[in-house]
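Remarks on the structure that follows.
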Amino acid sequence: MTDFRILTDDVWASPQLTPADVSEAADRGVTLIVNNRPEGEQPDQPTGAEIEAAAREAGVAYAAVPIQGRPTPDQAAQVGDLLARNSGKALMYCRSGMRSTAAWAMAATASGAISADDARALAASAGYDLSGLPL
């Protein structure tokens, strides 16, 4: 069951994806999947390789920027670069979607694309509380 949450028209966040979710994301116009989950964080999570294979099969680009805890400025910059180079919708995921949302917000505010207040409001509308994240 998918739980894609819209941050902007072109950036979505999600809890852990399954290979079936990848195909649904592709059907909804996603052109890039960004995995922000470290391998083996939980024993039952699909591997990055499984998600990457499903993405390749669906014609969707795949990238991994594993994040443990709060994203670092470097991780946020990596995410921001991936999003900037993507020409369609991007779907970022981790265990709950929170780290992905935080990385997006840090990248978007650092680039000046959005204000901190707007990033927090968009995250909140998707169900993520960034009030404790310095932006």
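The values are calculated or read from the model by the stated rules, or taken from the named source; none is laboratory data. Just so we're clear, the structure is a prediction, and the values are computed from it rather than from any experiment. Cβ atoms come from the backbone with ideal geometry, glycine included; neighbour counts cover every protein chain shown.
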By my count, strands (runs of 3 or more DSSP E) wholly in the range 1-102 with at least 1 residues that are more than 24 Å from Leu130 (Cα to Cα) are 30-35, 61-64
Given the conditions (1) under 13 Å from the mean Cα position of the chain (by Cα); (2) β-branched (Val, Ile, Thr); (3) surrounded by fewer than 21 Cβ atoms within 10 Å (Cβ to Cβ), and given that Thr47 satisfies all but one, which numbered condition is not satisfied?
(1)
Subset of the range 9-30 [closer than 19 Å to Val79 by Cβ and surrounded by fewer than 17 Cβ atoms within 10 Å (Cβ to Cβ)]
Asp9, Asp10
Please enumerate the residues belonging to the range 103-114 that are polar (S, T, N, Q) and part of a helix (DSSP H, G or I).
Thr109
Residue check, Glu57 at pLDDT 95 or above, farther than 20 Å from Ile6 by Cα and under 16 Å from the mean Cα position of the chain (by Cα)
no
Given (1) closer than 12 Å to Leu17 by Cα; (2) crowded, with 19+ Cβ neighbours inside 10 Å; (3) charged (D, E, K, R), Arg99 misses just (1)
If only one of Ala116, Ala110, Ala76, Ala63 is of a type outside the set (S, T, N, Q), in contact (Cβ under 8 Å) with a residue 12 or more places away in the chain and under 23 Å from Asp21 (Cβ atoms), which one is it?
Ala63
